[in-house]
Every structure is written in structure tokens, then in C-alpha cells.
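Quick notes on the structure that follows.
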Amino acid sequence: METELTDALSRRDFLAATAVLVTAPCTAFAGLPTMVTTAMLEDGTFAIVGVDARGAPVFAEPLPARGHGITRRPGTDELVILARRPGRFGFVIDRRSGAVQARFEPPENRHFCGHAAFSGDGRLLYTTENAFDEERGVIGIWDTSTGYRRIGEVDSAGIGPHDAARAAGSERIWIANGGILTHPDSGRAKLNIPTMAPSLALFDPARDILDTVLTLPADLHKLSMRHLAAGPEIVCVAMQDQGPEGEKTPLICLRTRRRETRLLHLPDAVTLKARGYCGDVAMDPLGKVVGAGFPRGGFFAFWAVEDGRPLGVIAAEDGCGIATGHRAGGFRVSTGTGRIGHIAADRDRLSALWFTTGGVAAHDNHLLAP
């Protein structure tokens, strides 16, 4: 059963504050954020927004355009937010106040693809990027100890790297190569759908080796690998089908430590409702439940990791962002309608508690619960 509560706290104050965000570097509110998203505000501008557990705004830091992925630097209160493809801005903010700590951007012949991962000690940041004139993907490497200075890059072993995630208990970095060729001169147009070749790669910084771990069979080559959730035993890959709508194609893939590959299925009617598009993906704190957002289908879906059994779905208009919660089977979620939710998924039932964030028209595609 879903319960919806609308939070009225600070709505007028939030709207008044966001009206002057152009001149104020950051607007902060009482309390501490339990979730951080990028969002479009009600006045049509974009911001990094921190909210508390009830969805009430804590801070809003303006962005020049849509943001995308958010990741936390280990052992610190720093969060990194990257631009949505083909954007070029990177922001470093304080997770408590939203105050900007640093800004950085890639070389002129690169643009960000939206996501990043940190080394275990937080000293290095790895960003997914498009070397568009060379028609290849790269992983930018940044030294956080010197103000996020770029110190190098490695090939991503594919085209269109989108997400990156550090393997649990390791320094190795998973990379989801979406396989889609783009160029900023063509905006967000997809230029190679007939020949696209998505792949999952693994970068080992200690040996400076990047290996392709997984490619899909020829009949599934239009499943673009997009987002990752890395656990102790598996990595979950969320995919988006670039083929014609109406196909009953699974959109979640699990790669186990034993190099086994499993596709997670939903009932046919639910799969068709997804319209070939899976957004964000996450695992619960114990790594026993996988959850994913399906914004075009209007739902979140959940599976048991052990056997791949579907646990059910929660309806959520434009539901996409999902992050690990703080209890077994727990998740935090966000929607493109300005809502924040807490979902509990166990073997017997799903439940959701919803709140509305005042002043936010739409939370963007991703959510961090630091």
C-alpha cells in the first residue's frame, strides 16, 4: 500500500529563496539533508537540492544547466555533481550546507557523460567522458588533493561510457559503456544505433589495465548499458533498449563474481509498460534486493538477488532516482514530479511512504542518500 504525505514546511520560504539564487551562492535551511538530488525548480532553473527525510528542502545550490550523477568522496562531506551529457561542468559541494567547494571541467575536446566514481581513499576521481572527435570513450582521472586537478585519462574500452562504480571492497572501477556514438554538434542525437556495441568494462588502477568483462549477444546489441550498482558479490547493470518499442526485453543484468550473467525479468505486461527504458538502479544495504526506476513506465521494480525472483512494483509517475536505504530491503527514491519516497521491499510485500519537496518541479534522474 502507498501512503502519501505532503510536506508544507518552508514552501513559501523556499520559493522566496530560490528567486534570488542567481545572486546568492547557496541558500541553506534548517536541518541536515538525508538525500541530495539535482532538480528543476518551479521557476524553471536548475539546482542541486538537499532534502530531509520528509522531503523538506535543506539547501539549493544553482546549476547552469541540468545536472546528472552525484557521488560522495569517501571519508569526507564532499559531493561531486556532474553535468548531464553533453555538459562540461563539475561541482564539488559540502553535503551538509550545499556550499560550493570547487568547480572543474574537462579538456576542450571532451565532455562529461554524467557520472563518476572515487577511489577508496577518496584521492582520485574517475569521470566518464566522450572523446567525441576521436569517437571513443575515456575515463578522466582527477587528483582531489590538489583541488580536483586533472592528471590523466584511460580509454573506457568502448563508446559512450555512462556510469562508473567502484567494486565493493576493491579499487577496481566498473564502467558501463552504453555503446552509443554521439557528438556535441548533433546535440543528443544517437549516431550509430545499427552498429552499437555496449559493454561492461573493469579498470584496475593498480595494474593500469582495463578489460572488457561483458558484451551482449548479437540479438541484444541494442541494449545500451547505462547505470550500475556494485555490491560485494555482483554488479547490477540497468539498460535501455534502442530497438523498436513493443519488445519484451529484460532491462536489468547481473554479473556475479563467478562471471555468471543473469537477466532479471518482469511479467510481460509490466515489461511492455516499461517501454524499453530503465533509469537508475540500486541495491539494499545487505545486497539482497535490487531496485530500479522505470520513468517511462511510471514504476519502481524490485527483485531478490539470490534467485532473480520479482518482488513486485510500486507505481510512481516519472519515478527514476533510487538509492540504498538504511535498513534491509530499504530504498530512497525520487520522481520527476517533485516527490521523495521511502520504499521497503521484502519477500512478502512492498510499501512506500511519499513526500513532496516544496519549490521543486522535478527531481532529475538520480538520487544520493549520503
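Summary of values
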read-out: Selection status of ILE252, more than 15 Å from GLY158 (Cβ to Cβ), modelled with pLDDT under 95 and hydrophobic (A, V, I, L, M, F, W, C); value: no
read-out: Cβ pairs under 7 Å, 6+ apart, first in the range 51-67 and under 16 Å from ASN365 (Cα atoms), second among the small types (Gly, Ala, Ser) and in a strand (DSSP E or B); value: LEU63/ALA47; ALA65/ALA83; GLY67/ALA83
read-out: Strands (runs of 3 or more DSSP E) within the range 243-321 that include 2 or more residues of a type outside the set (A, V, I, L, M, F, W, C) and buried (at least 20 other Cβ atoms within 10 Å of the Cβ); value: 289-294
read-out: Count - residues of the range 43-86 that are touching a strand residue (DSSP E or B) at 6+ places or on another chain (Cβ under 7 Å), more than 27 Å from HIS183 (Cα to Cα) and among the β-branched types (Val, Ile, Thr); value: 3
read-out: Residue list for the range 187-211, restricted to those being assigned to a loop (DSSP other than H, G, I, E, B), of a type in the set (Asp, Glu) and free of Cβ contacts under 8 Å to residues at least 40 places away in the same chain; value: none
read-out: Any hit, the range 192-199, residues being modelled with pLDDT under 90 and surrounded by fewer than 14 Cβ atoms within 10 Å (Cβ to Cβ); value: no
read-out: Qualifying residue in the range 302-311 (condition: within 30 Å of ILE93 (Cα to Cα) and touching a Lys or Arg at 6+ places or on another chain (Cβ under 9 Å)); value: no
read-out: Within the range 217-240, tally of residues that are closer than 15 Å to PRO285 by Cα and either without any contact (Cβ under 8 Å) to a residue 60 or more places away in the chain or not in a strand (DSSP E or B) (or both); value: 4
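The values are calculated or read from the model by the stated rules, or taken from the named source; none is laboratory data. Computed from a predicted model, the values in this text were never measured in an experiment. Don't worry about glycine lacking a Cβ; one is built from the backbone with ideal geometry, like all the others, and counts go over all protein chains shown.
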